[in-house]
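Let me begin by presenting the structure, written as structure tokens, before commenting on it.
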Amino acid sequence: MIPLRIKAEAHAAQPFVVRLRSFEGIADIETRANAGAFDVSLESAGAEAAEYVGEGGSVRILGIDPSEVDGDVLLVNPQRGTADRLIRSTSSHNTFLVTERCDQLCVMCSQPPKKHHVDLFGHFEQAAMLAPEGATIGISGGEPTLFKVELFGFLRTVMRTREDLRFHILTNAQHFEENDRANLLELDRKRIVWGIPLYSADPAIHDEIVGKDGAFGKLRSGLAFLGRAGAQIELRTVLMQPNAPGLARLAKYLTTTVPFIQTWAIMQLENIGYARQNWNRLFYDSFSGFEAVGQAIDIARSRGIDVQLFNFPLCTVPGSYRHLAPSTISDWKRAYMDACENCSLRGDCGGFFEWHPQEHGYAGLGGV
Ligand code: SF4
């Protein structure tokens, strides 16, 4: 697994953001001269640590080769002796976890919420400004819109300065109000996709899955608000035993109630957090039971809704639907099983989450 947190040492009292420059030829004066205020350049590298120096001071990175972190944007926490790789320059899977607080308690939550919140929006803003040209940055939580004032402020500032950046924001869409319209309309809506979970057309099943009474009704209002504002929406449905039988009904619901969405993503379950605890009653073998998925896809696509299958091992998807299943598992947490070794589909297949059990649960795997 690619490490997102590395060891770091710095003489500073507070956390700070830097971009690493692991230049070839560390004495390159011209390149140094072009470095910005947040850049630190490689000064020396040994077997255990690499020293970087910049305008604002120095930082020592331990346990990782400088070539692997060139261009990365780090949030260095000197007190803890760590640095979070907020942006990995070679990855298209960079996400800012803006809060761990949430107002839902989903049965399969991969990142169980915490009560406390540390406001790092200022650091995220600096990091986004240093992102590579044309990057898409994910915003996740917890529930980011619990801090929508800060979130809108962050988006406004960054998007004004960095017109090349795009954002994908995961939200339960239950905290928008009419007076947020001006904030939303101020942003370039073409550069933001709102990823919004909806698990069932049956309010009781949806509310049960997210652990919050009335969530379905609020979500419906939020979707209508975003639709009226012309926002781009990617609806997300994690496939599980409780909602798989109702997937076709959900497809019909989407085509009549929210036909303005851009994409419907049906997602396989990630074996982590609460999903791991509840695995046996949640995991749905989409190889054995693909009919429920296929039927839902056919309904949605026949009525003009784009459907994608996220996190599905390619060999568990019938050939005629495989073009809908891109490789979606982030590079830093992607792994393959023994059965994948000689697989002809491996180049296009996203495989498994690193933590998926060896007893993978699919009746059919490999053999292609
Ligand atoms: S055998 Fe492995 S690599 Fe091949 S399609 Fe299945 S999961 Fe993907």
Check: Scanning the range 223-268 for residues that are assigned to a loop (DSSP other than H, G, I, E, B) and in contact with a strand residue (DSSP E or B) (Cβ under 6 Å, 6 or more places away or on another chain), which turns out nearest to Pro203 (Cα to Cα)?
Finding: Leu239
Margin query: Quick test for you: out of Val53, Val73, pick the one residue that is modelled with pLDDT of 95 or more and outside the structural domain of Thr237 (by TED's automatic domain parsing).
Written below: Val73
Notebook entry, point to check: Looking at Gly361, Gly351, Gly304, which is the one that is more than 14 Å from the ligand (Cβ to nearest atom) and at positive phi?
Noted result: Gly304
Notebook entry, point to check: How do the strands (runs of 3 or more DSSP E) wholly within the range 52-146 filter down when requiring 3 or more residues that are more than 23 Å from Arg334 (Cβ to Cβ): which remain?
Noted result: 57-62, 73-77
Next item on the list: Search the range 8-30 for residues being over 21 Å from Gln126 (Cα atoms) and surrounded by fewer than 18 Cβ atoms within 10 Å (Cβ to Cβ), and hand back the single one that is modelled with the highest pLDDT.
Entry: Phe23
Notebook entry, point to check: Out of the residues in the range 320-334 that are at pLDDT below 95 and not in a loop (DSSP other than H, G, I, E, B), which is farthest from the ligand (Cβ to nearest atom)?
Noted result: Trp332
Item checked: Arg281 more than 16 Å from the ligand (Cβ to nearest atom), part of a helix (DSSP H, G or I) and free of Cβ contacts under 8 Å to residues at least 24 places away in the same chain -> no
Checklist line | Unique residue being within 11 Å of the ligand (Cβ to nearest atom), without any contact (Cβ under 8 Å) to a residue 24 or more places away in the chain and of a type outside the set (S, T, N, Q) when the list is Glu291, Glu341 | finding: Glu341
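The values are calculated or read from the model by the stated rules, or taken from the named source; none is laboratory data. What you see is a predicted model, and the numbers here were worked out from it, not measured in a lab. Every residue, glycine among them, receives a Cβ derived from its backbone with ideal geometry; neighbour counts consider all protein chains shown.
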